[in-house]
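Engineer: Encoded as structure tokens, here's the structure I'll be asking about.
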Amino acid sequence: GGAALLVTAAEDAARALGAARILLDTRTDLVEARALYARLGYTETGPHNDDVYAGHWFRKELVS
């Protein structure tokens with residue numbers, strides 16, 4: 001449960017700073033991270049950077 005709390009805290013901080021969305025990436029082998037992001041409402045997208053370690057990219061709208 002700690003990872004979900006950290007992600008939620010990061011989302012709250014981003015909202016407080018006026019961010020409208022969060023973009024993130026993760027490595028392909030981090031299956032648990034990908035499942036966590038999906039569970040927390042992140043949508044998998046196409047690449048938004050060229051990081052050699054990134055294999056999956058996600059987005060979440062913070063404002064509705």
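The values are calculated or read from the model by the stated rules, or taken from the named source; none is laboratory data. Quantities reported herein were computed from a predicted structural model and do not represent experimental measurements. Here the Cβ positions follow ideal geometry from the backbone for every residue, glycine too, while neighbour counts run over all protein chains shown. Accessible surface is based on the protein model in full, side chains and every heavy atom, while ligands, DNA and RNA are left aside. Shrake-Rupley method; radii C 1.70, N 1.55, O 1.52, S 1.80 Å.
Engineer: Where Rh denotes the Kirkwood radius from the mean inverse Cα pair distance, what is Rg over Rh for the chain?
Structural biologist: 0.96
Engineer: Amide H to amide H under 5 Å from Leu62: which residues, 5+ apart in sequence or cross-chain, H placed 1.01 Å off N in plane?
Structural biologist: It is Arg21, Ile22, by chain and number.
Engineer: Report, to the nearest whole %, how much of the accessible area of the chain belongs to carbon and sulfur atoms, 1.4 Å probe, protein only.
Structural biologist: C and S atoms contribute 59 percent here.
Engineer: State, to one decimal in nm, how far the label point of Val31 lies from the label point of Ala10, with both points 7 Å from Cα in the Cβ direction.
Structural biologist: Label at Val31, label at Ala10, 2.2 nm between them.
Engineer: Given only helices, namely DSSP H runs of n ≥ 4 each adding -39500 (n - 2.57), what is the per-residue ellipticity at 222 nm of the chain, to the nearest 500 deg cm²/dmol?
Structural biologist: Value at 222 nm, helices only: -11500 deg cm²/dmol.
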